[in-house]
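To keep things clear, I will list the structure first and then write my remarks on it.
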Amino acid sequence: MQNLEALRAELLASFEQAADLAALDQARVAALGKKGRLTERMKGLGTLEPDARKAAGQELNRLKGELTEALDARRAALEGGALDARLGAEKVDITLPVRPESEGRIHPISQVLDEMAAIFGDMGFAIVEGPDIEDDFHNFTALNIPPEHPARQMHDTFYFPERDDGSRRLLRTHTSPVQIRTMKAGEPPYRIIAPGRTYRCDYDITHTPMFHQIEGLVVDEHTHMGHLKGCLIDFAKSFFEVDNLPVRFRPSYFPFTEPSAEMDIGCSRDGGVLRIGEGADWMEILGCGMVNPRVLEMSGVDPARYQGFAFGLGVERSAMLKYGIPDLRTFYDADARWLKHYGFAAGDVPSLVGGLTR
Ligand code: DAH
């Protein structure tokens, strides 16, 4: 019979040489399994004289303990190694820059919407949305534009076919109906912006049939024109990133506000190049005013107790002014070269803290 010391060395070596957990298990079975080398030896004890059996049994048990320990140690080492290998293979180097080969770009519309949301969000405005498909009441009547009002013609509305009850739904011509929906849905005070798509039947260098607006509405018990001016001047300075931006409010007319105004910012057009924040020229950027008491009333808000201001601005127009994009129609050409030039990297998330623009 093989001497015990030689068997011990051989079995320990078989554990040590196992290259992975599966091989180690095979070595275990070969040593300690039902028909394993050590197990066979233990079975042979029965043929020995009692005294010899006792001594040999003790020795075999000691060896079994030693082998089990060696087996556990080798298993732990292999498991650790497996984990290390996995960690090594799955390693992510967070010091690497964002993949430079990424071709994807954020569209200027999305970027400008995010910039505006960052500014108004910082002032405490909530973002709400309304449906693109509207009815006459929300798009016109509740905004103090009755059926024969000339403003209806100005809006070049896309209508859906007439329904059985004679009503026609339409694609909203502005985001102002969201004012009505907001006021009807909850109690004042309100402080919201409503970004979204709007539609008018028009197409030239400054008009597309679909475009974007952002509506603003602030209603509370003591809201006044000073709040309107402060809010919109702050907005324009943040958005155009010019601290001493010249602004002026020009009297205007909108059926849903009284008084109404348009806000202009100072610019120069010397040599055909538009520069915002300098020079003697003016550029209109938005419409605004104090919410007409009739609009509050039609939305179920008591005009004797509440008053507020509203504003609406064009997103494409703001993007064109800020980023020097000359033709509105190119926004919707889906031209990858255009997007590569005017688009933004995915990491350029605008925030007032991190910076609005890269
Ligand atoms: N709805 C107007 C338009 O599309 C823009 C507008 C002007 C919205 C004045 C307002 C406002 O809320 O007060 O031309």
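The values are calculated or read from the model by the stated rules, or taken from the named source; none is laboratory data. Computed from a prediction, not measured in an experiment: that's the story for all the values here. When we count neighbours, we look across all protein chains shown, and the Cβ atoms used for this are built from the backbone with ideal geometry, even at glycine.
Tabulated values for the structure
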item: So residue 270, is it over 21 Å from residue 181 (Cα atoms), among the acidic types (Asp, Glu), away from the ligand (no atom under 16 Å from the Cβ) and not assigned by TED's automatic domain parsing to the domain that holds residue 114; result: no
item: Verdict on residue 258 being farther than 18 Å from residue 124 by Cα, part of a strand (DSSP E or B) and either not assigned by TED's automatic domain parsing to the domain that holds residue 156 or not polar (S, T, N, Q) (or both); result: yes
item: Every residue from the range 140-163 that is outside any helix (DSSP H, G or I) and among the β-branched types (Val, Ile, Thr); result: 145, 157
item: Positions within the range 204-235 being in a helix (DSSP H, G or I) and within 14 Å of the ligand (Cβ to nearest atom), in sequence order; result: 225, 227, 228, 229, 231, 232, 235
item: Residue 173 being within 14 Å of the ligand (Cβ to nearest atom) and in contact with a His (Cβ under 9 Å, 6 or more places away or on another chain); result: yes
item: Residues of the range 164-191 satisfying the condition of being buried (at least 19 other Cβ atoms within 10 Å of the Cβ) and of a type in the set (S, T, N, Q); result: 173, 175, 176, 179, 182
item: Failed item in (1) small (Gly, Ala, Ser); (2) closer than 23 Å to residue 258 by Cβ; (3) assigned to a loop (DSSP other than H, G, I, E, B), with residue 166 passing the rest; result: (2)
item: Flag for residue 285 being away from the ligand (no atom under 15 Å from the Cβ) and outside any helix (DSSP H, G or I); result: no
